[in-house]
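Worksheet: the structure to be examined is printed underneath.
The values are calculated or read from the model by the stated rules, or taken from the named source; none is laboratory data. Quick caveat, the model's predicted, so the values are computed rather than measured. All Cβ positions, even for glycine, are placed from backbone atoms using ideal geometry, and neighbour counts span all protein chains on display. These area figures cover heavy atoms from the full protein model, side chains too; ligands, DNA and RNA do not enter into them. Shrake-Rupley method; radii C 1.70, N 1.55, O 1.52, S 1.80 Å.
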Amino acid sequence: MTERVVIVGGGTGGTVLANNLAGRLDREIDAGDVEITLINDGPDHVYKPVWLYVPFGQRELENGRRPLEELLDSRVTLRIDRITDIDADAQRLRSRNPGRPIEYDYLVLATGSTLAPEEIPGLAEAGHDYYSESGATALRDELLSFTEGHLVLSVVGTPHMCPAAPLEFVFMADDWFRERGLREDVDITYTYPIQRVHGNPHIAEWARPLMDERDIRVETFFNAEEIDADENVVRSMEGTDLEYDLLVGIPPHRGIDLIEEAGLGDRGWVDVNKHTLEAEAAENVYALGDTANTGVPNAGSVAHYQAGVVSQRLASEIRGQPPTAVYDGKTLCFIETGMDAASFVEFDYENPPSPARPSQKLHWSKLAYNESYWLTARGLL
């Protein structure tokens, strides 16, 4: 009997998992005992961290795209399709293409995050972002013509992809305007919805003095409720109005609707055991990356490490062995602190982050990793 592993989502988590699992189960696959299928709703794999650099003219969109078929192990079947229904009891999926349901023995959901700016009135019309390809290019055009005024970066929704990216943007924008001799004519304000500048208190404690040194104004406990595009004002639930000339908004994020419809979790996030990554509401279902509601940041490194854990657990289960691999919350992240300097953090469930002193060396290390990422996706790093 052939064991069928179906992975939904071809981002970092899904791609790394498929390649890792194909390597672990090569003999079983060659013998016809295991089939691995990756389903994605488009032909490309997108490396989203590239988008941070697009508004500053440091990268192009094509630097963050590769065809999935070029990244996947040849033993993985790639199916370009969109899943429309998950029946976890019957262990089958339905897709937008007519035909027989897709049956599985093990299902891994790596469906990621989607942007939901429509949840905040006026945000889609008035705000710019770099959390999408179209948003990053539109923001690039705005920055090129922005020579004076008030730039506001407002973190509207949490959790969101790449938790450090809002800090990175204002640090880079500060440096970018200084290099052009415009900083005295540009005010920068950063807003965050709780009483600090980042969700992690240790990162917040590190970042706030840097923001003060660079004259980046801060509004904490600022929950954007409405954007008035006619008046160029962000209105908060707390009653604060903030005028802007250029608004960069980090939109609310959510998962895909079919996860909630399947009873696997709220807002499209799968409720999982944070150590095993098994779904709490269904058997033989795992989730990883942004899709898994573990409480850790939505960072690419998280999906990478979780993929290794899920791969080991699936291989053990398929071979009839007790799965013992667990995820310890490991996260690592480079944090740009300007156009040519960066910090670095590494932490897990038990050990808090301690950001490294910013340096040019760490900045170039981040850029080098971005270039070598495609080897990671292929499972070669």
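What to note about this one:
- Whichever residue in the stretch 216-259 is in contact with a strand residue (DSSP E or B) (Cβ under 9 Å, 6 or more places away or on another chain) and assigned to a helix (DSSP H, G or I) and, among such residues, is surrounded by the fewest Cβ atoms within 10 Å (Cβ to Cβ): LEU258
- Exclusive hit being in a loop (DSSP other than H, G, I, E, B) and open to solvent by 20 Å² or more (accessible area, probe 1.4 Å), set GLY32, GLY10: GLY32
- Pick from the stretch 49-58, criterion among the hydrophobic types (A, V, I, L, M, F, W, C) and closer than 17 Å to CYS162 by Cα, ranking: surrounded by the most Cβ atoms within 10 Å (Cβ to Cβ): TRP51
- The residue of the stretch 200-215 that is nearest to CYS162 (Cα to Cα), among those that are charged (D, E, K, R) and surrounded by 15 or more Cβ atoms within 10 Å (Cβ to Cβ), is ARG208.
- Scanning the stretch 356-376 for residues that are closer than 30 Å to ALA22 by Cα, open to solvent by 70 Å² or more (accessible area, probe 1.4 Å) and in a strand (DSSP E or B) turns up nothing.
- Residue count for the stretch 177-194 satisfying the condition of being open to solvent by less than 30 Å² (accessible area, probe 1.4 Å) and closer than 22 Å to PRO297 by Cβ: 4.
- The residue that is most open to solvent (accessible area, probe 1.4 Å), among those in the stretch 278-318 that are within 22 Å of PRO163 (Cα to Cα) and part of a loop (DSSP other than H, G, I, E, B), is GLY295.
- Identity of the residue in the stretch 106-145, among the small types (Gly, Ala, Ser) and under 17 Å from the mean Cα position of the chain (by Cα), that ends up surrounded by the fewest Cβ atoms within 10 Å (Cβ to Cβ): SER134
- Test result for VAL197, buried (at least 19 other Cβ atoms within 10 Å of the Cβ), part of a loop (DSSP other than H, G, I, E, B) and modelled with pLDDT of 95 or more: yes
- Lone unmet requirement of (1) in a loop (DSSP other than H, G, I, E, B); (2) touching a Ser or Thr at 6+ places or on another chain (Cβ under 6 Å) for HIS275: (2)
- Scanning the stretch 59-105 for residues that are assigned to a loop (DSSP other than H, G, I, E, B), free of Cβ contacts under 8 Å to residues at least 60 places away in the same chain, surrounded by 14 or more Cβ atoms within 10 Å (Cβ to Cβ) and more than 23 Å from the chain's Cα centre (by Cα) returns a single hit, ARG75.
- Within the stretch 35-48, restricting attention to residues that are without any contact (Cβ under 8 Å) to a residue 60 or more places away in the chain and not aliphatic (A, V, I, L, M), the residue that is surrounded by the most Cβ atoms within 10 Å (Cβ to Cβ) is ASN40.
- Set VAL155, VAL108, VAL170: member being closer than 30 Å to GLY268 by Cα, touching a residue at least 12 places away in the same chain (Cβ under 8 Å), of a type in the set (Val, Ile, Thr) and touching a Pro at 6+ places or on another chain (Cβ under 6 Å): VAL155
- Taken over the stretch 263-272, residues that are more than 25 Å from TYR47 (Cα to Cα) and part of a loop (DSSP other than H, G, I, E, B) amount to 3.
- Of the residues making up the stretch 297-318, those that are in contact (Cβ under 8 Å) with a residue 24 or more places away in the chain and over 17 Å from the mean Cα position of the chain (by Cα) are GLY308, VAL309, VAL310, SER311, GLN312, ARG313, LEU314, ALA315, GLU317, ILE318.
- Taken together, the residues in the stretch 319-344 that are part of a loop (DSSP other than H, G, I, E, B) and crowded, with 17+ Cβ neighbours inside 10 Å amount to 8.
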